[in-house]
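Reviewing the structure listed below.
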Number of protein chains: 2
Amino acid sequence: MNSAIVTIGDELLGGYTIDSNSAWIGRKLIDIGVRTVWKSTVPDQKNEIVNALAIATEKADVVICTGGLGPTRDDVTRDAYCEFTGAELEMDEQYLKKLRARFERRGVDMPESNRSQGLVPDIGSVIPNPKGSARGLSCSIDGGWICILPGVPAEMKVMMEETILPELGQMSTNDLFVINIRTTGVMESKLHDLLNSTMVGSPVSVAFLPSFSGVDVRLTFEDKAALEELSRKVYDLAGKYIYAEDWVTLEESVGESLREKGLTIALAESCTGGLLGDRMTNIPGSSDYFLGSVVCYSNEAKMNLVGVRKKTLESFGAVSEETAAEMAAGVRQKFGAHIGVSITGVAGPDGGTEAKPVGYTCFGVYFQ
Amino acid sequence: MNSAIVTIGDELLGGYTIDSNSAWIGRKLIDIGVRTVWKSTVPDQKNEIVNALAIATEKADVVICTGGLGPTRDDVTRDAYCEFTGAELEMDEQYLKKLRARFERRGVDMPESNRSQGLVPDIGSVIPNPKGSARGLSCSIDGGWICILPGVPAEMKVMMEETILPELGQMSTNDLFVINIRTTGVMESKLHDLLNSTMVGSPVSVAFLPSFSGVDVRLTFEDKAALEELSRKVYDLAGKYIYAEDWVTLEESVGESLREKGLTIALAESCTGGLLGDRMTNIPGSSDYFLGSVVCYSNEAKMNLVGVRKKTLESFGAVSEETAAEMAAGVRQKFGAHIGVSITGVAGPDGGTEAKPVGYTCFGVYFQ
């Protein structure tokens, strides 16, 4: 079973809002074996929405559509749904009562514009919205299924989880399995060449997903056994670059092994300005192993705060293995940690030289 | 002039990667008066990419397409471009030489798969990529214009800014003007009520765009004079919340005023773990005013590194105004900065109490 996602809204096209809804929906669908094959974003215009629904229903068994269900006049998704399905709108007086009551409880009269949210099409069914006034719509059409949800993430998510995903989970034959293998310290192209021989023979679909912290190798296939066989081969060929599976981050897996071994860590950062500490402390419970860090941008700071020797800075420079080593040793002692880690580099845009161009970076690890 | 954006990649459909590229592109295009009318995301499949290009060129004057230009076998955008434009691929031996040389400088042999990045179509022109090996492609077709760029954000952005946007800026009739006014420290609804009276009368379209660091008030209109008139009113009514215009970030504007005034700053971070330092040092040239920071997660670190008194921690706790004040004073002295700033809070998920729930945060500023 596969799906198409249509997100509606001028703010998405103008880039004022980043469309994180469709990514969230895509992940949730994969988890129940539904593969998203197409996504589109269209403006708040009836004909554009109708066109998108036409393409989407042609491409996929399930169409999830978000946005444009609000009370204001630029919300036209309900009308587009009617035009596409041939439905007529009727007023759901009972819901309108509830809606009025909800506003009264908040001590305000219901704005007239909210009346529109009481309108329901006579084709398909209404999807309850426990977090807002914009209810969703769904209907089967030519053997496919269309769901319309509000664009507000909190409302969309609870409606997906309470109504759509359970229903889809039953429909889905769950014929799709995924193994996401995370690597770091190896270029995409090199990884590709390492694994090429195994991929060529295999029916499993393999995607290389480079990101800031490494390259994910994602294996997707209908047959779990074949998937796991290829996965084993990936470990055989590229094992030394693999740090985790699924969505475990680099900092999570580092944190796990520190906790397992009962070790603590402290950082001395220069060019990264605190980024490494930020990443490490984003992990809940990181205070078990992360003692702290010093961001020493200037030479003075490197000397005064983590005890780098003046002589070292003078003879080798702030960006040098020698300085990195003393930073790691110094910060480790300063915090009384088991491990000290340091980064010093030429962050740019200026400050690069022939010998040490922008991007030139030295690391230090002190472990006793 | 209007545009369509096509983003390519299974990782976008599966939701493993959030498509922030298209939002960035949409904003940049609006700035030069180009309105994005359609967006679509398709898998790494030639026919799907070709279909998307067909729809996009029908809907818009300019089509910006990102992704699928990498060296691996799942990168097929180049082939799709050829099929759509009727171009043939030829090997650019000269570029291949350069590419090999680039790898050699890094002391590695060029992986065979990178050869594919030397292939260029015989229709259209190549867009240089100063940050990577995947070059872009562009061509005019039926009076429209197609640009193909890599999906790696850093590469896509520099290619947009150095090549695409300047060319488009000349083509664009620029019939759309935008003023983006950035506020912080005020709720969207309060800001809305503050400005309501002026908006009602005005033909200018006003959007409120809440984000992590504040609420942007975005004014869009065809008539520049009317736009600037409304902008002045926004300043009159909400001036004290405004820190910048366009896309200037909070840390950029803070950095600017520090540089203007010739002041230096040092940070003591607890719950933020280095995030503030990271944000401040993301600004080129920040070393002019940013001396460094100390991330002191533990009480020991707060005492040993920034001189918070044991007594203060015992009587008021690590998350208290008193501790924040001593952290700010201590770190300022430690780095010899003009200004010391501190943050200490209950980051959660655990550690919250009745009196100091998760999210409770204290700040300190020491300025002499």
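Amide H neighbours of B:T7 under 5 Å, at least 5 residues apart or on other chains, H built in the peptide plane: list them.
Amide H neighbours of B:T7: B:S40, B:T41, B:V42, B:T66.
Let me have the relative contact order for chain B, percent, based on Cα pairs under 8 Å that are six or more residues apart.
Reported as a whole number, the value is 11 percent.
Within chain A, what's the longest stretch lacking trypsin sites (Lys or Arg not before Pro) that sit in DSSP loops with no more than 16 other Cβ atoms inside 10 Å?
Free of exposed loop sites, the longest segment is A:132-308.
Report the antiparallel proportion of the DSSP beta bridges in segment A:2-171 as a percent, rounded to a multiple of 5.
Antiparallel bridges: around 40 percent, rounded to the nearest 5.
How well do other chains shield peptide A:25-31, expressed as the mean number of their Cβ atoms within 10 Å of each residue Cβ?
So the per-residue partner count for this stretch is 3.
Segment A:247-344: which chymotrypsin sites (Phe, Trp or Tyr not before Pro) are DSSP loop and have at most 14 other beta-carbon atoms within 10 angstrom?
Sparse-neighbourhood loop chymotrypsin sites (Phe, Trp or Tyr not before Pro): A:W247.
Could you check what % of the DSSP bridge pairs in chain B are antiparallel, to the nearest 5?
55 percent
Which pairs, out of A:K97/A:K131; B:K46/B:K98; A:K39/B:K46; A:K46/A:K131, put more than 19 Å between their alpha-carbon atoms?
The pairs that break the limit, which is 19 Å between Cα atoms, are B:K46/B:K98; A:K46/A:K131.
I need the semi-axes of the equivalent ellipsoid of the protein assembly as shown: take the C-alpha gyration tensor, multiply each eigenvalue by 5, square-root it, list largest first in whole angstrom.
For the protein assembly as shown, the ellipsoid semi-axes come out as 43, 35, 28 Å.
Could you tell me the calculated FRET efficiency between A:T184 and B:A101, based on Cβ-Cβ distance and R0 = 35 angstrom, to the nearest 0.05?
Rounded to the nearest 0.05, the efficiency is 0.85.
Sequence neighbours fewer than 8 away in the same chain don't count; with that in mind, list the aspartates and glutamates whose C-alpha is under 19 Å from B:K302.
Qualifying aspartates and glutamates at Cα under 19 Å: A:E269, A:D278, A:D288, B:E269, B:E314, B:E321, B:E322, B:E326.
Could you pull out every residue, at least 5 positions away or on a different chain, whose amide H is within less than 5 Å of the one on A:D216? Hs are placed 1.01 Å off N in the peptide plane, and Pro or chain starts have none.
A:T183, A:L209, A:S211
Across chain A, where is the longest run that never hits GluC sites (Glu not before Pro) in a DSSP loop with at most 14 other C-beta atoms within 10 Å?
Value returned for the longest uninterrupted segment is A:89-353.
If you scale each eigenvalue of the Cα gyration tensor by 5 and take the root, what three semi-axes come out for segment B:251-367, rounded to whole angstrom and sorted largest first?
So the equivalent ellipsoid measures 25, 15, 11 Å along its semi-axes.
Karplus couplings for segment B:309-322 from phi (6.51 cos²θ - 1.76 cosθ + 1.60, θ = phi - 60°), rounded to Hz, Gly and Pro as x?
Those phi angles translate into 7, 3, 4, 4, 5, 5, 7, 10, x, 5, 9, 7, 4, 4 Hz.
Determine the distance separating the Cα centre of segment B:1-37 from the Cα centre of segment B:309-323; give it in Å without decimals.
Segment B:1-37 and segment B:309-323 have Cα centres spaced 49 Å from each other.
Less than 12 Å Cβ to Cβ from B:T85, Lys/Arg counted +1 and Asp/Glu -1: what total charge do the surrounding residues give?
-4
Return the average number of partner chain Cβ atoms within 10 angstrom of each residue Cβ along peptide A:198-209.
Mean number of neighbouring Cβ atoms from other chains: 3.
How large is ³J(HN,Hα), in whole Hz, for each residue of segment B:234-250 in order, when computed from phi with the Karplus curve 6.51 cos²θ - 1.76 cosθ + 1.60 and θ = phi - 60°, using x for Gly and Pro?
Once rounded to whole Hz, the list reads 4, 5, 4, 8, 10, x, 6, 9, 8, 10, 6, 10, 6, 10, 4, 8, 4.
Would you mind listing the distances between the A:W247 label point and the same position in each other copy? Use 7 Å along Cα-to-C-beta, nm, one decimal, shortest first.
Those label-point separations list as 2.7 nm.
Please list the three semi-axes, largest first and in whole Å, of the ellipsoid equivalent to segment B:7-120, using sqrt of 5 times the eigenvalues of its alpha carbon gyration tensor.
Ellipsoid half-lengths, sorted descending, are 28, 17, 15 Å.
Write down the radius of gyration of chain B and its Dmax, each obtained from C-alpha positions, in Å.
Expressed in Å, the Cα Rg and Dmax of chain B come to 25.7, 77.
So the label point sits 7 Å from Cα along the Cα-to-Cβ vector; using that for B:G336, what distances do you get to the other copies, in nanometres, sorted shortest first?
From this label point to the equivalent ones elsewhere in the assembly: 2.9 nm.
Each label point is 7 Å from the Cα along the Cα-to-Cβ direction; what then is the distance between the points at A:Q170 and B:K157, in nm?
Here the modelled spin labels are 4.7 nm apart.
Shortest first and in nm with one decimal, please list how far the B:E58 label point sits from its counterparts in the other copies (point 7 Å along Cα→Cβ).
0.7
A:L119's amide H: which non-local residues (gap 5+, or another chain) put their own amide H closer than 5 Å, with H modeled 1.01 Å from N in plane and none for Pro or chain starts?
A:D92
Since every read-out is calculated from the coordinates, none of them should be taken as a lab result. Since the model is a prediction, treat every value here as computed from it, not as a measurement. All Cβ positions, even for glycine, are placed from backbone atoms using ideal geometry, and neighbour counts span all protein chains on display.
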